[in-house]
Each structure stands twice: as C-alpha cells, then as structure tokens.
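J.: This is the structure, below, for whatever I ask next.
Every read-out reported here was derived from the displayed coordinates using simple, explicitly stated rules and does not represent laboratory data. A quick note: this is a predicted structure, and the numbers were derived from the prediction, not measured. Here Cβ is always computed from backbone atoms with ideal geometry, including for glycine, and neighbour counts include all displayed protein chains.
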Ligand SMILES: [Zn+2]
C-alpha cells in the first residue's frame, strides 16, 4: 500500500517538474505585442549575427560580447573569417 503512495507521489513530482516550465513558458508572453517585440529583437540579432552561440540570447547589433553570459560573439559585425 505504501509502495503505491510512493509511486503516486513520484508521478506527481515528475508531472509537476514537466508541467511547471511549460506553464511558465506560456505565461511569459501575456499579450501578442510582447511576443512580436521579442521576435523582432531576435530577427534583428539574427540579421546582425549577434545571437549568442552559447545561450541563444539576442544581443544588440554591433555587440562583441553576450549580455547574458559574456560569451564572445563572432557574428557578421566581427567578421566571418574561420
Ligand atoms: Zn550568451
């Protein structure tokens, strides 16, 4: 009987761990304009080549380092020589 309770509790724990980020992710955009603004920010960063290769943060064009993690950005602004 206690085994069943442990299994039920573990199931609930796993379900919460999976569901919480999903709910948090959805509520990140409360309205469409916030989503559009974020999307535009990413489009600009992709065009400028300033999307961080490590954490995928969208940085302003002309940035040489990521504002989120400090990783060096090697986008079109810095030159694509490899
Ligand atoms: Zn980064």
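J.: Order of 66-74, 15-23, 32-40, 49-57 by packing, highest average Cβ count within 10 Å first?
T.: In descending order of packing, they fall as 49-57, 66-74, 32-40, 15-23.
J.: Can I ask one more? Based on the Cβ-Cβ distance of residue 71 and residue 18, what FRET efficiency does E = 1/(1 + (r/R0)^6) give at R0 = 30 Å, to the nearest 0.05?
T.: The value I calculate is 0.55.
J.: Suppose the chain between residue 36 and residue 4 were pulled fully straight at 0.36 nm per residue; how much longer would it get relative to their current alpha carbon spacing?
T.: 6.8 nm
J.: Take residue 44 and residue 60, extend 7 Å from each Cα along the Cα→Cβ direction, and tell me the distance between the two endpoints in nm.
T.: The modelled label-to-label distance comes out at 0.9 nm.
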